[in-house]
Amino acid sequence: MKQTLSVDLAGIRLASPVVAASGCAGTGRELAGLTDLRRLGGLVTRSLTFEPSRGWPGPRVAETASGIVTGVGLQNPGVRAFVAEDLPRLARAGIPVMASVGGGSLQGYIRAASILRGEPGIVGLEVYLSGADEENRGLPFYSRIDRMAEVVGAVSRLSTVPVFAKLPALLPDLVPAARGCIRAGAHGLTLIDSVPGMAVDVRRLRPRLGAIIGGLSGPAIRPIALAAVFRVAQDLPQVPVMGVGGIATAEDAVEFLLAGAWAVQVGTALIVNPSAPTEIAQGIAGYLKAKGLASPGDLRERMRLTGEQPARGTSAS
Amino acid sequence: MRRVRAEILNARRLGAFQSITLVAPEIAERARPGQFVSVAMPDDRRFILRRHFSIHQASRRGGWAGTLEFVFDPHGPGTDWLAEAKAHQFLDVIGPLGKAFAYPRGPSNCLLVSEGHGASSIFFLAQELRARGKRVDMVLGASGESHVFKPIEAKRLSQTIVIVTADGSMGERGSVMDVVPRAAQTAGTEVIYAAGPRRMLRTVAEFCIDQRIPAQVAVEEEMACGTGLCFTCVVPVIRKDGSGYDNLRACTEGPVFNPARVFWDRWMSEETRPVPTPPEGFSPVVSSWPA
């Protein structure tokens, strides 16, 4: 049996199912000296906005139990500068690039997506939906399914490459939100975004982040991410899902693939261990071999679910 | 920059500080003063971020060739764990990282100012400056005697030295800035280098700008990745053309900066402002949870 690590996500062919998550791979220049970039399945850029953003003032990171809370605030050079400066370098390195698109308004998303439209070297888009919506009292885009669908739909119609909507885990109606994004035109989903989190410096009586509330990532959120992937994959088995949240080892990645993910993203683990994606991909290959399976896709629906199944979309508590 | 599994050659106490010497020839031969190394933590995932330490010594010649020393003040998980590390244990180390101090071109009198374990990179710098025929004078500040970093070696490395402690337990009582103007005057200082906490760097920077003394400062910013991936260790730096400022990564575009271009007011406000102002343009981070 010929074994392969390659996966096909709505037409995006990746040589490995392990992708660098948004915001954790720098500009593409930094990792080059530390790991073989060609062995990455792909790379999601930090979220790009139409206008450059300086992001939040510091401190931007606080370490907590088995995780980190970060509040970077989408610091990025703007989508035009990315296309002019970072993208050619990434394309030369031969990595499939998915661009993460952010914005503060529908118009912001449309402008950013227009600049990325048809750019060679970009194999897919990921839509960041945790930002504050200027047109909805600063609430995150994901707080309303119709608003999410509006943004995802607009980006999808503009895009010439597959579009993935990145959703947070802690939505009261995650499965309907996932369905809403797909119905609006998204080709796949990325689950999950970091979990809202906070840390306080009790000695100095101050929040530990400049942003006050940031996003928790790392091993602490892995079970949360896994449950989200499982719920959505059960409901939408034909939709490509990239699982992300605290994956640091091959075993972690296999958990997600068994729960229904088509590929995985590695974020916090990458900033701790630059060769984590390569090590994880090798470990997945070893696992597939040991189980006599041909490709990562064979792991989907392999999980043995015993006993009574909860109704789809409900959260068993 | 290289990533290596480095053996600990020696781990010892230095007053309040802990020192670790590694066998890491790939890093030592490239290391320059001001640069740092990134050390991985145990993989039990209790705390996950790598820890970052400025390079105190990188030996390229003699019996210690190929070794690298860094010094830290144990505080909290990570540094406490590292303080327990013993000789012959192996560490996952990436380095050298970051921008080094630049050496002055012409013959110059250099004043090296540091506080606490900021001195660790300054000693390395002092050796390299002396090897280039520069005059080195030092101001060594600390909270108290146990935090004065290697005072005897400091004397050996510099023409003149002023030690100043907040509690007066060693040298003069006061802060670094109480003595810098006098030390600079006495030594005929032409260039100032400084390493230490933000507040101290700012006072030194103001003096240098006021006196028109060229200077470089090494910041002690908490870093997450150390390699430029995560954009968490940023310092606001004014653009060369003065058209505004950019948040530059201390790990990649620093940790050595020109203090005349650091946007001090903005950077200092992070330590004092109770509620932050959102970034210009739009505020992308979750600000409230949907009702």
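At-a-glance table
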item: Matching residues in segment B:198-238 - criterion: being away from chain A (no Cβ under 14 Å) and part of a loop (DSSP other than H, G, I, E, B); result: B:R212, B:I213, B:P214
item: Selection from segment B:65-111 of residues that are small (G, A, S), touching a residue at least 40 places away in the same chain (Cβ under 8 Å) and out of contact with any helix residue (DSSP H, G or I) (no Cβ under 6 Å at 6 or more places or on another chain); result: B:A65, B:A83, B:A85, B:A87, B:G98, B:A100, B:A102, B:S108
item: Strands (runs of 3 or more DSSP E) wholly inside segment A:100-216 that include at least 3 residues being free of Cβ contacts under 8 Å to residues at least 60 places away in the same chain; result: A:122-128
item: Conditions (1) over 15 Å from A:T70 (Cβ atoms); (2) surrounded by 24 or more Cβ atoms within 10 Å (Cβ to Cβ); number of the one not met by A:Q238; result: (2)
item: Checklist (1) under 18 Å from B:A205 (Cβ atoms); (2) part of a strand (DSSP E or B) applied to B:T189, failing item; result: (2)
item: Cβ pairs under 7 Å, 6+ apart, first in segment B:145-172 and within 17 Å of B:A184 (Cβ to Cβ), second part of a loop (DSSP other than H, G, I, E, B); result: B:V162/B:G171; B:I163/B:V148; B:I163/B:M170; B:I163/B:G171; B:V164/B:G171; B:V164/B:G174; B:V164/B:S175
item: Candidate set: segment A:118-129, residues that are in contact with a helix residue (DSSP H, G or I) (Cβ under 9 Å, 6 or more places away or on another chain) and modelled with pLDDT of 95 or more; chosen: the one farthest from the other protein chains (Cβ to nearest Cβ); result: A:I122
item: Residue match in segment B:233-250 (condition: touching a residue at least 12 places away in the same chain (Cβ under 8 Å), closer than 18 Å to B:L140 by Cβ and not aliphatic (A, V, I, L, M)); result: no
item: Filtered residue count, segment A:91-117, keeping only those that are within 23 Å of A:A32 (Cα to Cα) and within 14 Å of chain B (Cβ to nearest Cβ); result: 1
item: Residue in segment A:149-160 that is surrounded by 20 or more Cβ atoms within 10 Å (Cβ to Cβ) and under 16 Å from the mean Cα position of the chain (by Cα) present; result: yes
item: Residue within segment B:191-206 that is within 14 Å of the chain's Cα centre (by Cα), under 23 Å from B:S54 (Cα atoms), surrounded by fewer than 16 Cβ atoms within 10 Å (Cβ to Cβ) and not hydrophobic (A, V, I, L, M, F, W, C) present; result: yes
item: Close pairs (7 angstrom Cβ cut-off, 6 or more residues apart or separate chains): at positive phi in segment A:237-265, among the β-branched types (V, I, T) and surrounded by fewer than 24 Cβ atoms within 10 Å (Cβ to Cβ) anywhere; result: A:G245/A:I224
item: Candidate set from segment A:130-157 (those that are within 14 Å of chain B (Cβ to nearest Cβ) and of a type in the set (A, V, I, L, M, F, W, C)); member that is farthest from A:R54 (Cα to Cα); result: A:I145
item: Where A:L31 falls short, out of the listed (1) at positive phi; (2) in a helix (DSSP H, G or I); result: (1)
item: Of all residues making up segment A:250-275, the number that are within 11 Å of another protein chain (Cβ to nearest Cβ) and in a helix (DSSP H, G or I); result: 6
item: Scope segment A:76-99; condition part of a helix (DSSP H, G or I) and touching a residue at least 60 places away in the same chain (Cβ under 8 Å); matching residues; result: A:R89, A:L90
item: Members of segment B:1-42 found to be more than 14 Å from chain A (Cβ to nearest Cβ) and among the β-branched types (V, I, T), listed by number; result: B:I8, B:I20, B:T21, B:V23
item: Options B:Q35, B:Q57: the member that is surrounded by fewer than 22 Cβ atoms within 10 Å (Cβ to Cβ) and under 18 Å from the mean Cα position of the chain (by Cα); result: B:Q57
item: Residue count, segment B:98-134 (criterion: surrounded by fewer than 24 Cβ atoms within 10 Å (Cβ to Cβ), out of contact with any Pro (no Cβ under 9 Å at 6 or more places or on another chain) and part of a helix (DSSP H, G or I)); result: 2
item: Residue match in segment A:235-249 (condition: of a type outside the set (G, A, S) and within 14 Å of chain B (Cβ to nearest Cβ)); result: yes
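Conditions (1) within 23 Å of A:Y109 (Cα to Cα); (2) more than 8 Å from every other protein chain (Cβ to nearest Cβ); (3) surrounded by 20 or more Cβ atoms within 10 Å (Cβ to Cβ), marked per residue:
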residue	(1), (2), (3)
A:T4	no, yes, no
A:L14	no, yes, yes
A:R29	no, no, no
A:L40	no, yes, yes
A:L43	yes, yes, yes
A:T49	yes, no, yes
A:S66	no, no, no
A:V72	yes, no, yes
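The values are calculated or read from the model by the stated rules, or taken from the named source; none is laboratory data. The model shown is predicted, which means the values in this text are computed figures rather than measured ones. Please note: Cβ atoms are built from the backbone with ideal geometry, for glycine as well, and neighbour counts cover all protein chains shown.
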